[in-house]
Every structure is written in structure tokens, then in C-alpha cells.
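Structure record follows, encoded as C-alpha cells.
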Amino acid sequence: MKLPNINEARERTDKEVQYIYLNQEYNKDTFKNKKYFLRTYGCQMNVHDGEEIAARLESLGLTSTDELTNADVVVLNTCAIRENAHDKLYGFLGRCKHEKEKNNPNLIICICGCMAQEEGVVKELMQKHPYVDLVFGTHNIHELQDLLISRQNKQEIEVYSCEGNVYENISYKRDSSIKAWVNIQYGCDKFCTYCIVPYTRGKQRSRKSNEIIKEVKELVAQGYQEVTLLGQNVNAYGKDLENELNFAGLLEAVSKTGIPRLRFVTSHPWDFTDEMINTIAKYDNIMPYIHLPLQSGSTDILKKMGRRYTKEEYLTLYNKIKNTIPNCSITTDIIVGFPNETDDDFQETLDVVNKCQFDSAFTFIYSPREGTPAAKIKDKISLDTKEKRLHELNELINSYSLAANQKYLNKVVPVLIEGVSEKGQDKVFGYTDAMKLVNITNAKEDIGKIINVKITAAKSFSLDGEKEV
Ligand code: SAH
Ligand code: SF4
Ligand code: F3S
């Protein structure tokens, strides 16, 4: 048994990151004819971890099911970013408990992901949820098979708060055969004062570029049309390694693999260099779309958040990107109600939104996370005020999203067709190079292809279009 520890999770030492090449083989008869139910919450990184978890479960012979009632193993891959993530997990755990008590006493319930890295959560699981069989963390996903094989009939908790290593030779069961996630970096060292991620994901550690390029080349050979490079601060790629490419160099090298579409997420404004902007502008297969979290428009709040840029610096970067990369769409994340955010601070946020007119934005009410510096600040702002601010911000954001989409009306744009649309069996959906969602008629035979689409209608969150013939 190994429990998470917040003080260890906070640590950043000079200890060298280990690059470990896994060579694991398992017997597919271990869980023969058994089924797993996997649910993933949270960001793209967690989604991609889910693809690793699925491959690991299948290496033991398990097959996937969408029905909890058919499952022999349940894995809940959790997120800890805001309090509502906790509520979601405990809500679903209630269903799992019921299933185990009433229908399937042999059901194995596993919890992993960022919540498993939280000291308080794991204590609660031990005290109040003894029916949970296995808890493992973000640093030891590679132990999943061994933990499942060796477990006894008691709750097993194996969570490390170490700064982390880099594992190679990982297999994934990718959700799509058209677009793929590729990790370029793990962890985060920014320690924004509101954020739990540096504690749940460990020290920032970049993968070696030759491994990244090798993985992308394999994806190209398999016919993948799009790769998204993943990291919490992709712009800081390579800073933790000697003799390694920087992010601009990595983008260039990956672009040259010939992958039709290359994306990356998330960019931190602090590490965004001119060289990166020029590289994105230079290569046609690097998509003109940047997610550039603002968090707040108030320099004072940005300072309290530990974001390392001012309102003006953000605006300068924003304009530089817009002026250098033709038709670049920029989206953002904004937090309202950081402790003691004043009306003036909030007006500064609205001012940046008015100046930037983002293509879209994810907006959140600040949620205190145990163990982070901001959670200790005594906050005088009421939830009611925060909710009103969020509402006002969303109205503004949505009006700009609609305006940005309307610019596409009657234009012909390339779209990568991904699958059948939620809007009806006769339609397919896909994304433009600038990451606009389009629902398209008459293109069913084009799934997996990039085709030209004429935009016929624009809404706040999507476009409609017709295949251009
Ligand atoms: N690494 C990315 C962010 C990852 S978390 C970056 O720095 O941009 C995704 C988003 O969740 C953040 O951009 C932030 O807007 C939001 N978020 C993080 N912690 C939060 C908290 N405690 N309360 C509310 N929103 C939060
Ligand atoms: Fe969190 Fe800041 Fe790191 Fe993003 S950069 S993951 S917001 S600490
Ligand atoms: Fe959530 Fe962890 Fe991602 S906290 S947002 S799953 S890094």
C-alpha cells in the first residue's frame, strides 16, 4: 500500500527524470471472457491516459462494454480540476456500489486519474468506500496489469506522489483511426496558485523528440490524418532537457513527417516565442488554431494567480499571432471569481474579451482546491456575484463566437470528416483547419478524408455545410 502525499507532490528536486523503456507481456487468458467498463473525466491528457488504460486491460483479455451491468471490472479515470469533478465521481460511485451489492459481488471497482493523487480523496475512499477495490495514480498506470493480477480480496491503494518518470513503448487503444493524441510532455511546474495539476501530474518532463517523431511516423503510416501534441504547457517543451529541440523545432520536425494536420494543446502565453509563431505560419499542415488560456484580464489578479504575464503582454502576444498567422482562430479559458476579484478586475476581463473577440472560450467559476495557495485566501466575494459575472461573460463570449462563425458563411473550407453527426444519420461532422465544428450533408462516403465544404449556416457553437462538388 502506498498513499499520496501532498508535501511530496509539491516537491521539485534536481533528481534526474528516468526514461524507462517498458517491455511488458501479459497472458490474454488472465481475464478471459471478462468485460471492462471505463469512464474517463477531464482533459485531453486524461482521455489519452484512458486509451492507455484500455490497451492495458485488453492485454489481459478483457473486452470493453458500455453497460455497467455487464462489467466485471470498472475503471473510473478521474479529474480533480474543480469541485464538480468530485461530485461527478461520487455520484457514479454510488451506482457502482449498488451494482456490486445487488447484482455482482465480484465486480472489481478501480479508481485512477488525478483525484487518486489527492490525499483527502484517498482518505475518504479508505474510510467511506471500502467496496472500492483498487486505487492507482497517474504515475503508475503501467502497473495496472500487475495490480489487477496480484490483488487480494481487500482494498488496494498504490499511488505515488513522486515527481515522475517518462515511460516509452506504451500501447494505446486509440478511440479514433483518423486523429490521434501524442504526449510530448508530462506534468507541470508552473504552479498557478489556483491549480491542482502540478500536484496530481508531477514535475514537467518532456519526452525525447526522436520518440515523439517515431510515434507520429507510425501514425502517418497507419493512415492517420491528424495528430494533436499534448502537454500542459506545450510551449515549454524541451526546456527540461539538454541537447533537445525547443517547441518550435519539434513542431517543424513533426510537420515534416507529412501528417496532414498537426495541432497542439495547451499553450501557455508565458513561453510563446516569435519563433513558434513563425513556424506555425510557415507550415501548411500546422493548423491555424491556438488555445491560449487568458484566465483573467486583470494584471493584478494574474499576478495573484502566478500566471507570469500582464494584461498588456497577453494582448501583445494575441495581436502578434493574429498578424502573423493568416486566419488563425484563438480560443481561451477564463476563470471568474478568483478570491477577492473586484468589479474592476472583472471589467478588465471583459475588456480583453472585447479586444480579442475570441472564437470561443471555456469559462469557469473559481473552485478552491485543497493544498493550493489560493485555497488559503479568505474570499469576500459571494457565489451569487460570481454566478452573475459568469453569466455576463458567457453572453459576451457567445456573441463573439457567433460573429466569428458568421464570417465563414458562403465560404469554402477544408474539413476533416470524422464520423456520423449527432444531428442525424444523414449527416457527418468534422472540423475545419481553424477547429470549427461543421455538420455536413451529402458526404457520408468521405469519413476519414479532408474535403472542401461550403458553409451554409452559422450558429454560436457550430456551422452547417454542404460538400463542394
Ligand atoms: N495547462 C493549462 C490549463 C489546464 S486546466 C493552462 O495553463 O492553460 C484547464 C483550465 O481549467 C484552466 O485553463 C483553468 O481555466 C481552469 N481551472 C484550473 N484550475 C481551476 C480552479 N481551481 N477553478 C476553476 N477553474 C480552474
Ligand atoms: Fe495548472 Fe497553470 Fe500548470 Fe496550467 S500552467 S496546468 S493552469 S498550474
Ligand atoms: Fe483534470 Fe487532471 Fe486533466 S485534474 S483537467 S484530468 S490534468
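The values are calculated or read from the model by the stated rules, or taken from the named source; none is laboratory data. Computed from a prediction, not measured in an experiment: that's the story for all the values here. Heads up, the Cβs are rebuilt from the backbone with ideal geometry, glycines too, and the neighbour counts pull from every protein chain shown. For the accessible areas, the whole protein counts, side chains as well, though only heavy atoms, and no ligand, DNA or RNA atoms are used. Shrake-Rupley method; radii C 1.70, N 1.55, O 1.52, S 1.80 Å.
Take the solvent-accessible surface of the protein heavy atoms, probe 1.4 Å, and return the percent of it on segment 412-467 that carbon and sulfur atoms account for. That fraction is 49 percent.
Distance from the Cα centroid of segment 165-185 to that of segment 318-332 is 28 Å (rounded to whole angstrom). Pull out a ≥ b ≥ c, the square roots of the eigenvalues of the alpha-carbon gyration tensor of segment 6-158, then state rounded if a/c is under 1.5, prolate if not and a/b is larger than b/c, and oblate in the remaining case. Verdict is oblate for segment 6-158.
In this structure, the amide hydrogen of LYS459, modeled 1.01 Å from its nitrogen in the peptide plane, lies closer than 5 angstrom to those of ASP464, counting only residues at least 5 positions away or on a different chain.
Based on Cα atoms of segment 122-261, Rg over Rh with Rh as the Kirkwood radius reads 1.04. Heavy-atom surface analysis with a 1.4 Å probe gives segment 6-158 a carbon and sulfur content of 43 percent of its accessible area.
Look at where the Cα atoms of segment 434-468 and of segment 24-82 average out, and the two centres are 33 Å apart.
Looking at the chain, identify the longest residue range that excludes and avoids all GluC sites (Glu not before Pro) in DSSP loops having at most 16 other Cβ atoms within 10 Å. The segment 68-241 is the longest one with no such site.
The trypsin sites (Lys or Arg not before Pro) of segment 358-393 that meet both conditions, a loop assignment by DSSP and at most 15 other Cβ atoms within 10 Å of the site Cβ, are LYS378, LYS380. State log₁₀ I(q)/I(0) for segment 67-157 at q = 0.16 Å⁻¹ as given by the Debye formula over alpha-carbon point scatterers of equal weight, solvent excluded. Reported log10 I(q)/I(0), two decimals: -0.61. Measuring from each cysteine beta-carbon in the chain, the ones with no other cysteine beta-carbon under 4.7 angstrom are CYS43, CYS79, CYS96, CYS110, CYS112, CYS114, CYS162, CYS188, CYS328, CYS356. The radius of gyration of the Cα set in segment 347-404, together with its Dmax, comes out at 13.7, 41 angstrom.
Dipole magnitude for the chain: computed about the Cα centre from +1 point charges on Lys and Arg Cβ and -1 point charges on Asp and Glu Cβ, it is near 380 debye. Scaling the Cα radius of gyration of the chain by the globular reference 2.2 N^0.38 Å produces a ratio of 1.00. Scanning residues 5 or more positions from LYS427 or on other chains, those with amide H under 5 Å from its amide H are SER421, with H placed 1.01 Å from N in the peptide plane.
Once R0 is set to 51 Å, what does the formula 1/(1 + (r/R0)^6) return for the Cβ-Cβ distance between ASP384 and LYS97, expressed as a FRET efficiency to the nearest 0.05? Between ASP384 and LYS97 the formula returns 0.90.
Here segment 412-467 has an Rg and Dmax of 9.5, 27 Å, counting Cα atoms alone. Annotation: per residue accessible area for segment 3-116 equals 50 Å², rounded to a whole number [probe 1.4 Å, protein chains only].
Considering every alpha-carbon pair of segment 319-469, the percent of pairs per 10 Å bin, from zero through the bin containing the longest distance, is 11, 31, 26, 20, 11, 2, 0. Where both bridge residues fall in segment 174-406, DSSP classifies roughly 10% of the beta bridges as antiparallel. Taken as Cα centroids, segment 200-275 and segment 125-140 sit 33 Å apart, rounded to the nearest whole angstrom.
Treating each Cα of segment 198-324 as one equal point scatterer and applying the Debye formula with no solvent, the log10 of I(q)/I(0) at q = 0.11, 0.14 Å⁻¹ comes out as -0.41, -0.66. Ignoring lysines fewer than eight residues from LYS355 along the same chain, the ones with Cα atoms less than 17 angstrom from its Cα are LYS311, LYS320, LYS322. Prolate is the label for segment 174-406. Its Cα gyration tensor axes, ordered a ≥ b ≥ c, give a/c of at least 1.5 and a/b above b/c. Accessible surface of segment 174-406, 1.4 Å probe: 50 percent of it comes from carbon and sulfur atoms.
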